[in-house]
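> Mind looking over this structure? Questions follow.
Throughout, read-outs are computed from the coordinates displayed, never taken from laboratory work. Remember, predicted model here, so these are calculated numbers, not experimental data. Cβ sites come from the backbone with ideal geometry, for glycine too, and all protein chains shown count toward neighbours.
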Amino acid sequence: MRILILGGGEVGSTVAKTLATAGNSVTVVDKNETTIQSLSDVLDIQTMVGNASSPMVLGEAGAADADLLLALTGNDETNLTACVLCKKVFNIPSRIARIRHGDMVEYLLEPDAEGVAKPASSLFDVSASICPEQLITEQMIELFRYNTALQVLNFVGGIVQMVVTRVHEDSAFAGKLLGEINAELPEGVECQVFAVYRNNSLIILSENTKFIRGDEVFLMAKKEQMHVILPYFDPNFQPAQRIMIAGGGNIGYRLAKRAEKQFSIKIIERNTIRSEWLAENLSASLVLEGLSTDEKLLDQEHVSDTDVFCAFTNDDEDNIMSALLAKSFGAGRVIAIVNRPSYVDLLQGNTIDIVVSPHLATIGSILAHIRRGDIVSVHPLRRGEAEIIEAVIHGTRKTSKIVGRPFSQIQWPHGCQVTAVVRGGVFISLEESTELEEGDHVIFFVSRRQTVHELEKILQVKMGFFG
């Protein structure tokens, strides 16, 4: 696939690396010559210095031959303008824009003739929009509800949920075998443990795998049952109540607005004008003007009684320092947004409980649009080392390699595992005799990136299906 990426910053460069590694022909345009030179030095891609919203620059970058536009600059207006030009002038079939301000994504136009209400961004010929701030907000709300989880993801419209948690020393499952856990759960409650990382390494699972303290466990279950299952792994599991947010920018404000009706929110903002704006636009949150790295302020506002401290300013170093301070003062959990990938690898799982990467969230959304097959969602796991993919199965026994065949007869690629099947809104038990049907939602765990291409081939339907 020929892909034109506008913006070579942290998001654009990370996406370019991911897509180029997957065998796509990638061209990156950025107005910063140093950024472009850095990309050229490390990636086998085409690069160009120039204004991403210039039709001349887009033409010279090969827009007329591109299959996909990814407008990922840090400026919404540039991204929207580029989408219009790439549709009207160059007729690029698919145009995905990163939009930081939620209005363009959340404001819906009047329903069309088919009754579909499209977002305002569609007026700018945007095929699909990605709002990292919105993605992170939704992730945080789920983490607040499962306060000891490391990651929470919803699938099939919220019917199925994936949660990553740790086995604690006083866990009911510590020392138990994998084959025993569903028998330990209440009648009618079951979960699928599909991956366990021990000392940062994925271990091979069997019925005789024994859970030990510190294991990072990936499990799938019905969303309605998750609150019953998690206390077996972590007896301290409970929803958060008191949240402190450092940073009243786009993400901090959106999160406070979304969470203030369910949780007790305090938000710290250093800018006086922004603080006043926050106070006027938040109905139940307490707005504090000051620095999130001010020890006296944190102590005075009883950060030690906070269940979750979120460091969400625009500065990585401030986020890291304020999160470390909050933890030293006794905050229950600390979560920090960190943009630099090298920082994410360094910090995750140490003093800072969870490091959030906007780039990984963005990449997942992009991959869902460009992967072959009917892909509903793609989520990077383990800092991008693995993925979890939701796909809709199509075809018949004649046109598909997997429809109408029992699991025992399907040769899934090495490193690929089916974690859940949902049929007509019903969670299907995974057994060797289970057969996939047209329209099934299947959730795959892929532990090796190289496996994704093989999985795409299996999901594809023969041309006869469309005849």
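> So what is the relative contact order for the chain, in percent, with contacts set as C-alpha pairs under 8 Å and at least six apart? Walk me through the numbers on the way to the answer.
Values: 976 pairs, mean separation 42.9, N = 467.
Computed over the chain, the figure is 9 percent.
> In nanometres, what is the gap between the two model label sites at R145 and V392, each 7 Å from Cα along Cα-to-Cβ?
Going from the R145 label point to the V392 one covers 2.3 nm.
> Need one number for region 242-356: average projected area of the convex hull over its C-alpha atoms, nm². Display every interim value, and only then the final one.
Working: hull surface 25.0 nm².
Spelled out: convex hull of the Cα atoms, projected over all directions, averaged, 6.2 nm².
> Give me the lysines in straight-line cross-link reach of K398: C-alpha distance below 21 Å, same-chain residues under 8 apart excluded.
K457, K462
> So if R0 is 56 Å, what FRET efficiency would D65 and I212 give, r being the distance between their Cβ atoms, rounded to the nearest 0.05? Write down the numbers at each step before the final one.
Numbers: r = 54 Å, r/R0 = 0.96.
Approximately 0.55, to the nearest 0.05.
> Further question on the same structure: May I ask you to sort H394, H302 by Cβ crowding, counting other Cβ atoms within 10 Å and putting the fewest first? Intermediate results must be reported in sequence, preceding the final value.
Working: H394 18, H302 14.
The fewest-first ordering by Cβ neighbours comes to H302, H394.
> Take each of the peptides 254-265, 397-408, average the number of other beta-carbon atoms within 10 Å over its residues, and list them starting from the highest. Please report the intermediate quantities before stating the final value.
Working: 254-265: 19.4, 397-408: 14.8.
The densest-packed peptide leads the list: 254-265, 397-408.
> Ranked by Cβ crowding within 10 angstrom, fewest neighbours first, how are D305, D234 ordered?
On the way: D305 13, D234 21.
Ranking D305, D234 by Cβ neighbours within 10 Å, fewest first, gives D305, D234.
> Using just the alpha carbons, could you tell me how many Å³ per residue the convex hull of the chain encloses?
Details: hull volume 76.1 nm³, N = 467.
About 163 Å³ per residue, rounded to a whole number.
> Using Cα pairs under 8 angstrom and six or more residues apart, how large is the relative contact order of region 2-130, in percent? Provide the component values of the computation, followed by the final result.
Numbers: 251 pairs, mean separation 27.7, N = 129.
Relative CO of region 2-130 lands at 21 percent.
> What's the extension gain from E295 to K457 if we count 0.36 nm per residue and subtract their Cα-Cα distance?
Values: separation 162, 0.36 × 162 = 58.32 nm, distance 5.49 nm.
Separation in residues times 0.36 nm, less the Cα-Cα distance, equals 52.8 nm.
> Considering Cα pairs under 8 angstrom that are at least six residues apart, work out the relative contact order of region 361-466 and quote it in whole percent.
Details: 201 pairs, mean separation 33.5, N = 106.
The value is 32 percent.
> Taking neighbour counts of Cβ atoms within 10 Å as a proxy for exposure, in what order, fewest first, do D41, D353, D125 appear?
Details: D41 8, D353 21, D125 18.
Least crowded to most crowded, the residues run D41, D125, D353.
> Between E432 and E77, what is the spin-label point distance in nm, taking each point 7 Å from the Cα along the Cα→C-beta axis?
6.5 nm
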